[in-house]
Structure formats: structure tokens, C-alpha cells
Amino acid sequence: MKIYNKRILIISALFLCVVFTYVIKLYDMQIIHGQAERSRSEMRIYKDIETYAYRGVILDRNGLPLAINTQSYDLFIQKAGLKDEGMNNALLTLYHILDKNGDTYIDSFSHYFTVNPYSFNNMTPEQIKNWQANIDTFNIKKENVIYDAKKFYEYLRDEYFNINPELSQDEIVAIMTMRYEIMIHGWMFYTGKPVRLASKITDYTLAEMEEQNHLMPGLMANVVPSRIYVNADDTAHVLGYIGMVDPTDLESHPDYASTDYIGKTGVEAAAEKYLRGQNGLRRMEVDQSGRIMTELKSEPAIPGNDVILTIDTKLQKVAMESLEKTIQSIVDRKNIPLGNFGDANCGAAVAIDVKTGEVLVMASYPSYNPSVFIDSGAAAQEERLKLIFDNERKPLYNRALQASYAPGSTYKPLVGISALQEGFLTPGKTILCDGHSEIGGMRFYCLEYVQGMGIHGNLSLERAIATSCNLYFYKLGVETGINNIDKWAKNFGLGEYTEIELPGENPGQRSNRNYKYAVKGEDWWIADTAQTSIGQLYNSFTPLQLANYAATIANGGKRMTPHIIKEVVDYDNTIIYEAQPEYELSGVSQETLNIVIDGMQRVAQSVEGTVDQHFRDFPVKVAGKTGTAETGAESKSSSNALFVCFAPVEDPEIAVAVVIEKGVWGSYTAPVARDILAAYFGLDSEDEALQSVGSVLIP
């Protein structure tokens with residue numbers, strides 16, 4: 001019993017010692033060092049830092065990369081409780097580091113205001129008022145808006161941003177610009193989210209920032225993916241480019257932050273939902289200067305999906321090079337009496353897989369380097385301005401998709417189809433070309449007759465297509481009627497959206513009664529039908545529509561839906577989207593198509609054909625049609641030139657359309673199509689036919 005009581009006393013004593021130790025510790029923490037511990041706790045700052053997801057890559061149909069990613073450092077600022085003086089000093093230090101190492105800060109401010117001279121960049125008084133009074137910018141009362149640019153500069157320096165006036169003007173403008181960037185992203189900044197101040201900073205800037213971090217509270221560098229376009233000049237209009245979101249983007253993508261990047265044009269825009277990844281998150285404990293102390297948790301970023309296109313970059317490159325070469329050849333053959341003013345300067349080519357609707361080539365010349373739209377450097381900004389304001393050649397304009405042209409004689413096979421299908425023409429029936437004819441009170445001529453080359457006499461449809469006799473199609477079109485012609489033009493997709501995935505498609509326009517009345521308020525005349533029947537008057541179609549029209553003739557009347565996205569795969573290579581061929585039946589009979597195809601093959605490979613000189617020795621059978629489209633300015637500039645074709649005739653695989661603005665004659669564009677076909681079929685592209693550009697002056 002005594003032993004048991006002794007043990008109880010020992011255990012109790014030990015328990016009392018432990019309790020006493022805890023009491024002393026609590027007393028020390030709460031009473032003696034309580035204030036210090038509270039201060040230390042209050043100094044702890046927790047930040048959620050986004051980790052940026054890699055955007056999906058874009059590849060051609062053969063797996064060749066067109067848009068990829070690399071890693072770079074962007075510079076951000078987070079709220080660190082700085083007042084004006086502290087903020088200005090931190091940004092001044094940053095400016096000197098950036099300037100020393102050749103880096104630049106993001107500059108949205110100069111879009112609205114510049115110095116040397118002081119200017120509101122040609123804004124109207126109303127625009128100045130709206131800018132200054134905007135609640136997301138300066139929130140100045142409308143009655144206090146400052147319209148004098150120099151006084152506005154002084155107001156920002158001395159009152160709004162409280163910048164030391166003894167600094168140099170470059171230093172002051174740099175601070176103003178960076179503070180403006182913070183201001184326009186104010187909601188993000190004041191809720192603790194980072195605002196980007198500079199992109200793709202160099203390692204030298206990164207090292208100096210680490211050394212001088214104590215002078216720049218809240219400033220931090222973060223790893224971000226950077227977009228790289230690979231040899232993209234040939235595919236720029238297809239690829240498009242990315243850029244920072246703007247207010248319009250935020251309206252359609254409210255879940256995006258104002259510092260996010262988004263696809264602006266081309267596939268980058270069309271496939272945004274696939275390409276965009278999901279950002280991750282790092283929860284950090286940082287000190288008052290914004291320096292990271294501890295990483296508490298991490299959610300990894302999920303990369304975007306990869307997009308594989310239907311484009312064949314080899315064919316695309318061939319098309320772009322051939323467009324450039326052929327345009328220069330036309331310019332070199334300047335001959336004003338023959339209608340060549342030497343002013344050809346741009347064009348487009350489209351090639352489609354006849355059986356699937358896959359777009360193999362979508363070339364628009366001239367092109368541009370999309371990288372200049374993601375580079376923040378001064379040289380890139382200057383190049384962007386040149387591209388934007390080049391109103392003559394319009395290099396940013398995707399002519400294959402967005403430009404529409406009168407089809408000229410490429411429309412004639414459609415008129416033949418309409419006549420055969422509606423019973424106004426029977427196989428073997430001929431129409432007389434006697435040089436000229438009175439139609440609707442106007443005299444219409446055969447071009448060869450006007451040029452002193454005689455008349456064609458009685459023509460079958462096949463020979464009329466081969467020789468491109470205008471008078472034949474004037475007469476045939478009038479007999480068939482505009483309503484029937486318009487019906488079949490619509491069935492073949494002319495003047496209609498193709499529904500390709502790319503944004504900005506031009507639907508074109510068919511020449512018909514409704515259009516004339518809507519635009520001119522006038523009734524339709526028989527002479528209008530005659531003009532329409534040779535692809536003039538109000539007809540206007542895109543190169544993409546023309547290529548699909550040729551493909552529809554080639555594949556038995558199936559009008560495929562063209563597409564440019566072949567498939568989409570996620571980061572573990574699982575296919576999440578795969579395009580399937582889609583089509584509508586045009587309703588045309590194979591008998592009708594056989595007659596028209598016979599005529600189109602004669603265009604390319606008979607002595608009467610308008611491009612026989614380019615295809616007579618071509619080892620693959622080709623069916624095509626030239627077109628020379630008047631623009632109404634022939635007294636001072638050349639006509640537009642067009643050519644559509646498909647091959648092989650016996651089992652068509654590929655259809656091509658080529659347009660050269662101010663290209664003079666349709667036959668002048670055939671070498672571009674030949675180069676594309678030669679590359680597609682693996683034939684020798686160094687053929688001598690290219691040297692005979694435009695030797696026959698037939699539309």
C-alpha cells in the first residue's frame with residue numbers, strides 16, 4: 001500500500017511540473033511576448049498565384065508544328081500596401097532595370113496619350129471626355145475634363161499620380177504608363193491578383209530584380225508560356241494569332257481575366273475552346289515586400305488540347321511561292337494595249353480534298369508574320385502599324401475566305417448545268433456563235449470576234465466551255481432564265497456561307513432579281529441575265545466557294561462542308577474531336593456532270609482549250625475553267641483573273657481555285673494551280689510550262 005501511494009505522489013508531481021511548464025510558456029507568449037507574436041502574425045500575407053497553362057499546339061495534317069510554346073518570365077505587380085511615393089519609387093527602380101537590359105514595359109497608355117509633342121493621339125473632344133471620365137480610368141467629372149494635352153500631363157504628374165517633377169520626362173512617362181496599366185486592371189489589383197507590367201523579360205532583368213527585390217515591394221516574376229509561330233508566314237491567315245483580351249472579348253468570355261491571352265483570328269480564335277488550358281494555383285506566404293516565404297499548396301495547370309489541321313504545309317508553301325512568282329511574271333509582262341497595266345499585286349489559292357471537304361491549301365498573298373502580334377518590342381509594334389495601315393495590299397486580309405470576286409467565265413459551267421437540268425439544253429444541241437447578237441435592246445459580242453479572230457459557228461456545250469465563248473452563254477443564259485440559274489448557283493454553294501470553322505467568312509453574293517431590287521430598287525432585265533451568265537454583274541464569290549464549287553462538280557454533285565480542323569487531341573493523346581465528312585446533295589444528275597466535265601477537260605487538255613499550253617503534257621488528266629472578270633476600272637487597271645480545276649478527271653481527288661487581283665487574263669493564273677497539282681501528285685514542279693504565262697488571251 002505504501003509503495004502504491006508513493007507511485008501516486010510521483011505521477012502527480014510530474015503532472016504538476018508539466019502543467020506549470022505550459023503555464024509559464026503561455027504567460028511568456030501572451031503577456032511578455034504577446035505583442036510581438038501578434039505583430040508577426042499580422043505581417044503574414046497569403047497570396048494565390050496563378051500558374052499559367054500551356055496553350056495547345058497547332059500542327060498541320062502531317063504533324064508538322066505551326067504554333068508551339070516556350071517558357072518565359074513575365075513581370076507582375078501585386079498589392080503591397082504602397083502609397084504613391086512608395087509605388088512611384090518601386091516603378092522607377094523597375095524602369096531603370098528594364099531600360100538597362102533592353103526590356104520594355106507594357107504600354108497601353110500611349111494608345112491614348114503621348115508626349116513630344118503632347119497629344120491625345122487624334123482623339124476627338126468627345127473621345128477625350130469619355131476616356132478621362134471613364135470609371136475604369138481616371139473617373140474625372142465631365143465638367144473637369146482637361147482638353148489641353150500638356151496640362152493633362154501636368155495634372156497626372158503633380159496630382160493624380162504624385163510623381164516627383166524633378167525626374168526626367170522619360171522616367172515620369174514610364175511611371176505614368178505602368179501606373180495606368182495597374183489602374184485599368186484596378187479590380188484585379190485591389191483584390192490581390194497580379195497585374196502584368198512586362199512580358200518576356202531577359203535573364204539579366206530577372207537577376208537584377210532578385211538583387212533589388214527589397215526596393216520593389218509587390219513586384220514578382222512568374223513563369224508563363226509564350227507562343228511561337230513556326231515558319232508561319234505561309235500559313236498566317238489560317239493560324240491567326242493570340243492577343244490580350246479586350247472589353248469585347250470579355251463580353252463573350254466573362255470567365256477570362258483582363259490579363260489573359262485569347263485567340264484573335266484564324267484557328268487561334270476558332271479553336272479557342274480547345275486550345276485554352278486551365279490555369280493552376282499556388283498558395284504562397286509572402287512577406288511585406290512580396291517575397292515568397294513558403295508555398296502552402298499547389299494545384300497544377302492543365303495544358304490545352306492540340307489541334308491538327310487539314311492543311312498540308314508543303315502544298316501551302318508551294319501555293320504561296322507560286323502566287324508570288326506568277327504575280328511578278330504578270331507584272332513583268334506589262335502591256336497596256338493588251339489590258340495589262342502591270343498592277344497585279346495580290347491573290348489567293350484554295351485546294352480542297354474532293355472526297356472529304358478537307359482544306360489542303362488556303363493561301364492568301366501577301367502574307368505577314370503573326371509573331372509581331374505577340375511581341376511587345378518597339379520593332380514589332382512598328383511592323384504591326386505597317387501591316388494595319390497597308391491599305392493597298394492589305395496583308396492582314398485573308399483573301400481566300402474574306403474577299404469576294406466576280407467569277408467571270410468560271411461561272412459558265414454552272415450556267416450549262418442549269419440549262420441541262422431544267423431542260424433548256426439537251427446533249428448534243430448546238431447554239432450559233434455568229435459574232436454578235438441583240439439581247440434585251442443591247443448588242444452582245446463574242447470576244448474572239450471583237451479581237452478579229454472570227455466566229456465559233458455552231459457550238460456544243462462542251463466546245464463552248466472549252467473556248468469560253470461569251471455569246472454562247474449570253475444566249476443560253478437568257479433562254480434558261482435567271483431564276484433557274486440562281487437556283488443552281490445556290491445548290492452549288494455559291495453566294496452562301498460554306499460553314500468552315502474559321503471566323504470572318506464572306507458569304508459572297510449571287511446576281512439575281514432580289515439583290516438588284518434591294519440594292520438599286522430596279523426591276524430585272526433580260527440583259528441582266530446575259531451579263532450574269534458570264535459571271536459578271538452582281539456575282540461575287542470567295543476563292544473558297546469557287547474551290548468547293550469545282551469540288552462539287554468533281555464528286556458527283558455532293559457539296560461538301562469544307563473544314564480546316566482535322567482532329568483535336570488532349571495532353572495524353574486521347575482524341576476528343578475528329579471531323580467527319582458532311583455534305584448536301586445538289587440534285588444534279590451524273591449525265592449532266594459528264595457533259596460539263598468533258599468541256600472542262602477540253603479547257604485544260606485540248607487545242608481549243610484556254611489553258612492547254614499549261615496542261616497538254618501534264619501526266620494527270622485535269623478539268624478546269626478560266627475566268628477573266630471585269631472590275632469596271634479597265635481604263636486604268638487590269639481585270640481580275642481566275643481559274644478553277646480538279647484532277648484526276650477519272651477519279652477526282654483535289655479541286656483548286658486561284659484568283660489574282662488585276663491578273664489580266666484567267667489563263668495567267670493556271671501556273672499556280674499546276675504547281676499545286678504537281679506537288680500534290682508528286683510530279684516534277686520544275687516544268688517549262690511556267691515560262692509561258694499568259695500566252696493566250698482568252699477569258
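The values are calculated or read from the model by the stated rules, or taken from the named source; none is laboratory data. Since the structure is predicted, the reported quantities are computational estimates derived from the model, not experimental observations. Methodologically, a virtual Cβ is constructed for each residue, glycine included, from the backbone with ideal geometry; neighbour enumeration extends over all protein chains shown.
Working only within region 64-80, note down all residues that are modelled with pLDDT of 95 or more and either assigned to a loop (DSSP other than H, G, I, E, B) or among the basic types (Lys, Arg) (or both).
The answer is Leu64, and nothing else.
Of (1) crowded, with 20+ Cβ neighbours inside 10 Å; (2) β-branched (Val, Ile, Thr); (3) assigned to a helix (DSSP H, G or I), Ile163 satisfies all except one. Which?
With (1) crowded, with 20+ Cβ neighbours inside 10 Å; (2) β-branched (Val, Ile, Thr); (3) assigned to a helix (DSSP H, G or I) applied to Ile163, the lone miss is (3).
Quick one: Ile439 ticks every box in (1) of a type in the set (Val, Ile, Thr); (2) in contact with a strand residue (DSSP E or B) (Cβ under 9 Å, 6 or more places away or on another chain); (3) more than 21 Å from Gly627 (Cα to Cα) bar one, so which box is it?
If we test Ile439 against (1) of a type in the set (Val, Ile, Thr); (2) in contact with a strand residue (DSSP E or B) (Cβ under 9 Å, 6 or more places away or on another chain); (3) more than 21 Å from Gly627 (Cα to Cα), just (2) comes out false.
Restricting attention to region 151-158, does a residue exist that is part of a loop (DSSP other than H, G, I, E, B), loosely packed, with under 14 Cβ neighbours inside 10 Å and without any contact (Cβ under 8 Å) to a residue 60 or more places away in the chain?
First, the residues of region 151-158 that are part of a loop (DSSP other than H, G, I, E, B): none.
Taking every residue of region 151-158 in turn, none turns out to be part of a loop (DSSP other than H, G, I, E, B), loosely packed, with under 14 Cβ neighbours inside 10 Å and without any contact (Cβ under 8 Å) to a residue 60 or more places away in the chain.
Within region 613-629, track down each residue that is surrounded by 16 or more Cβ atoms within 10 Å (Cβ to Cβ) and either over 28 Å from Gly357 (Cβ atoms) or among the β-branched types (Val, Ile, Thr) (or both).
Gln613, Val620, Val622, Thr626, Thr628
For region 632-663, what are the residues that are over 30 Å from Gln590 (Cβ atoms), over 29 Å from the mean Cα position of the chain (by Cα) and not small (Gly, Ala, Ser)?
Glu634, Lys636
Is it the case that region 344-353 has a residue that's without any contact (Cβ under 8 Å) to a residue 24 or more places away in the chain and either outside any strand (DSSP E or B) or surrounded by 16 or more Cβ atoms within 10 Å (Cβ to Cβ) (or both)? Lay out the reasoning, then the answer.
Here is the first cut: in region 344-353, the ones without any contact (Cβ under 8 Å) to a residue 24 or more places away in the chain are none.
No, there is no match, as no residue in region 344-353 is without any contact (Cβ under 8 Å) to a residue 24 or more places away in the chain and either outside any strand (DSSP E or B) or surrounded by 16 or more Cβ atoms within 10 Å (Cβ to Cβ) (or both).
Can you tell me which residues in region 504-515 are in contact with a Phe, Trp or Tyr (Cβ under 7 Å, 6 or more places away or on another chain) and farther than 19 Å from Tyr411 by Cα?
First, the residues of region 504-515 that are in contact with a Phe, Trp or Tyr (Cβ under 7 Å, 6 or more places away or on another chain): 505, 507-509, 511, 513, 515.
Within region 504-515, just Glu505 meets the criteria.
Kindly evaluate Gly86 against the criterion of being part of a loop (DSSP other than H, G, I, E, B) and either within 25 Å of the chain's Cα centre (by Cα) or surrounded by fewer than 19 Cβ atoms within 10 Å (Cβ to Cβ) (or both). So that I can check it myself, show each step before the final result.
On the way: part of a loop (DSSP other than H, G, I, E, B): no; either within 25 Å of the chain's Cα centre (by Cα) or surrounded by fewer than 19 Cβ atoms within 10 Å (Cβ to Cβ) (or both): yes.
Against the criterion (part of a loop (DSSP other than H, G, I, E, B) and either within 25 Å of the chain's Cα centre (by Cα) or surrounded by fewer than 19 Cβ atoms within 10 Å (Cβ to Cβ) (or both)), Gly86 does not qualify.
Please determine whether any residue of region 573-595 is in a strand (DSSP E or B), of a type in the set (Asp, Glu), in the same structural domain as Tyr411 (by TED's automatic domain parsing) and closer than 14 Å to Val307 by Cβ. Steps first, please.
Of region 573-595, the ones in a strand (DSSP E or B) are 575-578, 583-585.
When the remaining residues are screened for being of a type in the set (Asp, Glu), the result is 578, 584.
Then drop every residue that is not in the same structural domain as Tyr411 (by TED's automatic domain parsing), which leaves 578, 584.
Those still in the list that are closer than 14 Å to Val307 by Cβ too: 578.
Among the residues of region 573-595, at least one is in a strand (DSSP E or B), of a type in the set (Asp, Glu), in the same structural domain as Tyr411 (by TED's automatic domain parsing) and closer than 14 Å to Val307 by Cβ, which makes the answer yes.
Hey, among the residues in region 51-83 that are of a type in the set (D, E, K, R) and closer than 17 Å to Lys200 by Cα, which one's surrounded by the most Cβ atoms within 10 Å (Cβ to Cβ)? So that I can check it myself, show each step before the final result.
Step one: filter region 51-83 for residues of a type in the set (D, E, K, R), giving 55, 60-61, 74, 79, 83.
Retained after the next criterion (residues that are closer than 17 Å to Lys200 by Cα): 55, 74.
Values: Arg55: 25, Asp74: 22.
Residue satisfying both the conditions and the ranking: Arg55.
Considering only residues that are assigned to a loop (DSSP other than H, G, I, E, B), free of Cβ contacts under 8 Å to residues at least 24 places away in the same chain and more than 21 Å from Gln531 (Cα to Cα), which ones fall in region 597-652?
Step one: list which residues in region 597-652 are assigned to a loop (DSSP other than H, G, I, E, B), which gives 606-611, 616-622, 630-639, 648-652.
Of the ones still in play, those that are also free of Cβ contacts under 8 Å to residues at least 24 places away in the same chain are 607, 616, 632-633, 635, 651.
Residues satisfying the conditions are Val607, Arg616, Asp651.
The rows are residues; the columns are (1) of a type in the set (D, E, K, R); (2) farther than 15 Å from Gly477 by Cα; (3) at pLDDT below 95.
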site: Ala419; (1), (2), (3): no, no, no
site: Glu422; (1), (2), (3): yes, no, no
site: Thr430; (1), (2), (3): no, no, no
site: Gly435; (1), (2), (3): no, yes, yes
site: Gly457; (1), (2), (3): no, yes, yes
site: Ser460; (1), (2), (3): no, no, no
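What are the pairs with Cβ atoms under 6 angstrom where one residue, in region 658-672, is among the hydroxyl-bearing types (Ser, Thr, Tyr) and the other, located anywhere, is assigned to a helix (DSSP H, G or I)? Sequence gap at least six, or different chains.
Correct list of pairs: Tyr668/Ile330.
Go through region 206-227 and give me each residue that's surrounded by 19 or more Cβ atoms within 10 Å (Cβ to Cβ), within 24 Å of Asn279 (Cβ to Cβ) and over 27 Å from the mean Cα position of the chain (by Cα).
If the condition is that a residue be surrounded by 19 or more Cβ atoms within 10 Å (Cβ to Cβ), within 24 Å of Asn279 (Cβ to Cβ) and over 27 Å from the mean Cα position of the chain (by Cα), then Met209, Gly218, Leu219, Met220 are the ones that fit.
Can you tell me which residue in region 112-126 is surrounded by the most Cβ atoms within 10 Å (Cβ to Cβ), limited to those that are free of Cβ contacts under 8 Å to residues at least 24 places away in the same chain and within 11 Å of Tyr147 (Cα to Cα)?
Met123
Working only within region 366-381, note down all residues that are within 20 Å of Asp99 (Cα to Cα) and either touching a Pro at 6+ places or on another chain (Cβ under 7 Å) or loosely packed, with under 11 Cβ neighbours inside 10 Å (or both).
Passing the criteria: Ala378, Ala379.
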